[in-house]
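Q: A single structure is presented below for examination.
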């Protein structure tokens, strides 16, 4: 269980580095900064992000989840202001980055479920 959590953390850090290569406006100093940024993003998503997603659930249903992507972008933008070595220059970079991260995470989930446990 702990090993699986550690592996997910490292993969999320790698995914954040991939986003920096794809999305202009995403800046990560090094892999250690990416791991710290992943922790900050996760903390923001569990606290403020969860509250916002509950509050905007009806609007999220009407927009087929687009609001949740915007909330994730806001969490990434806030993490860029707090996490050392991680910077997001604009909201649009955060929005595109949130989309790319979502696609990468779907890919990780497909790979994780294709192998037997």
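Only the coordinates and a few stated rules stand behind these numbers; no lab work does. All figures in this text were calculated on a predicted structure; none of them were measured in a lab. Note that we place each Cβ from the backbone using ideal geometry, even for glycine, and neighbour counts take in every protein chain shown.
Q: Quick one: in segment 17-33, of everything that is out of contact with any helix residue (DSSP H, G or I) (no Cβ under 8 Å at 6 or more places or on another chain) and outside any helix (DSSP H, G or I), which residue is surrounded by the fewest Cβ atoms within 10 Å (Cβ to Cβ)?
A: Out of the qualifying residues, it is 30.
Q: Restricting the search to segment 34-47, which residues are farther than 22 Å from residue 68 by Cα, in contact with a helix residue (DSSP H, G or I) (Cβ under 8 Å, 6 or more places away or on another chain) and touching a residue at least 40 places away in the same chain (Cβ under 8 Å)? First the steps, then the outcome.
A: As a first pass, look at segment 34-47 and keep what is farther than 22 Å from residue 68 by Cα: 34-36.
Still in the list and also in contact with a helix residue (DSSP H, G or I) (Cβ under 8 Å, 6 or more places away or on another chain): 34-35.
Result: 34, single match.
Q: Could you please find all residues in segment 79-99 being touching a strand residue (DSSP E or B) at 6+ places or on another chain (Cβ under 9 Å), surrounded by 13 or more Cβ atoms within 10 Å (Cβ to Cβ) and either free of Cβ contacts under 8 Å to residues at least 40 places away in the same chain or assigned to a helix (DSSP H, G or I) (or both)?
A: Result: 79, 80, 93, 94, 96, 97.
Q: While we're looking at this one, here's another question. Looking only at segment 60-78, which residues are over 14 Å from the mean Cα position of the chain (by Cα) and not in a loop (DSSP other than H, G, I, E, B)? Give the steps one after another, and end with the answer.
A: Filtering segment 60-78 for residues over 14 Å from the mean Cα position of the chain (by Cα) gives 60-67.
60, 61, 62, 66, 67 - these are the residues of segment 60-78 that are over 14 Å from the mean Cα position of the chain (by Cα) and not in a loop (DSSP other than H, G, I, E, B).
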